[in-house]
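First comes the structure, then the notes that go with it.
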Amino acid sequence: MDTEPMYIQLQQELLQSIQRREFEQGSRFPSERELSQKFRTSRVTMRKAIDRLVQIGVLERRGTSGTYLPDRLFDRPISDYVAYSISDVVEKAGHVPGSKLLFFERKLADKATATSLSIPVGDPIISIQRQRTVDGIPVCVEFSEIPAKLVPGLSAADVIENKSLYAHLRNTYQVSLHNKITRISIHKVTGAEAEFLQLQAGASVLKWESVSVTMDDTPFEHLRSLNHPDYVSFSIDSRGNNVAEAAPPVTMMVESKLPNPNG
């Protein structure tokens with residue numbers, strides 16, 4: 001017997017309709033009255049279902065004009081307290097995260113990397129490059145550099161087999177990370193970077209650069225993330241909530257303006 005409250009069932013049905021792209025990105029969402037008539041339920045119950053979709057960022061209310069699908073694809077939370085996992089954020093929004101390993105190498109830190117990670121020049125580091133996707137659509141390319149001494153035994157297979165690198169690091173090395181340095185700027189992509197983002201070479205993208213540290217303030221990861229300008233925006237979370245908790249920390253959105261991979 002299904003014991004879920006009716007508003008939870010309605011929330012799931014509405015989310016599935018949105019994921020099937022039955023509504024245009026940025027369009028006005030049907031009213032509570034229209035939806036309650038369609039699903040043969042009370043407006044109070046339908047309001048609770050819609051409220052939950054607003055809370056997780058799938059829908060947004062615009063004053064007295066109604067409820068809308070947001071004009072964005074993927075809103076990434078930034079926090080000084082938490083190093084957010086893209087996989088967690090995307091899953092929380094009801095979509096499928098993807099990660100393709102492009103490059104994995106053990107090498108020696110150059111001057112710039114050594115400065116970022118507060119290690120001597122020439123210290124061994126692990127360099128990782130990944131393409132991140134939402135429902136199979138490329139949204140960003142990320143370059144991670146981690147001191148090798150902090151992740152003994154980390155291999156390319158670990159990155160391939162684990163959809164969330166942060167979850168693997170947390171579970172295997174018992175590290176809890178937060179961002180110490182965060183910068184957002186405009187970057188013109190190279191030919192190789194453009195290919196992975198399905199853009200033209202020289203196109204401008206949002207570059208997010210950060211240094212995350214452990215609880216004892218040890219620099220752990222230097223991250224450079226190149227984000228598709230049509231699909232990604234950023235929101236600042238000043239509260240430092242954990243994305244895995246029931247109440248999402250910020251608006252998180254992965255929605256229907258994605259191009260259809262099947263044409």
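The values are calculated or read from the model by the stated rules, or taken from the named source; none is laboratory data. Not measured: the values here are computed from a predicted model. Here the Cβ is made from the backbone with ideal geometry for all residues, glycine too, and neighbour counts use every protein chain on show. Protein only, heavy atoms only, side chains kept; ligands, DNA and RNA dropped before computing areas. Shrake-Rupley method; radii C 1.70, N 1.55, O 1.52, S 1.80 Å.
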Query - Set of lysines with alpha-carbon distance to Lys149 below 26 Å, sequence-local pairs under 8 removed - result: Lys100, Lys107, Lys111, Lys163, Lys180
Query raised in the report: Regarding segment 77-223, what whole-number volume in Å³ per residue does the convex hull of its Cα atoms give?
Result: 114
Requested in this report: Express in Å², to the nearest 10, the accessible area of Tyr84 obtained by rolling a 1.4 Å probe over the protein heavy atoms while all chains stay in place.
Outcome: 20
Query raised in the report: What aspartates and glutamates could a cross-link reach from Lys48, if we take a straight Cα to Cα line under 12 Å and drop same-chain neighbours fewer than 8 places away?
Result: Glu32
Query - Extended-chain gain in nm, criterion 0.36 nm per residue less alpha-carbon gap, Gln37 and Phe234 - result: 67.3 nm
Requested in this report: Set the Förster distance to 45 Å, then compute FRET efficiency between Met6 and Ser27 from the Cβ-Cβ distance, nearest 0.05.
Outcome: 0.95
Query - Kirkwood hydrodynamic radius of segment 91-149, Cα pairs, Å - result: 12.8
Query raised in the report: Modelled label-to-label distance, Thr172 and Thr214, 7 Å Cα→beta-carbon offset: nm?
Result: 1.5
Query raised in the report: If you stretched the chain out fully between Ser17 and Ala203, how much longer would it get, using 0.36 nm times the residue separation minus the C-alpha to C-alpha distance?
Result: 63.6 nm
Query raised in the report: Got a number for the accessible area of Glu24? Probe 1.4 Å, square angstrom, nearest 10.
Result: 140
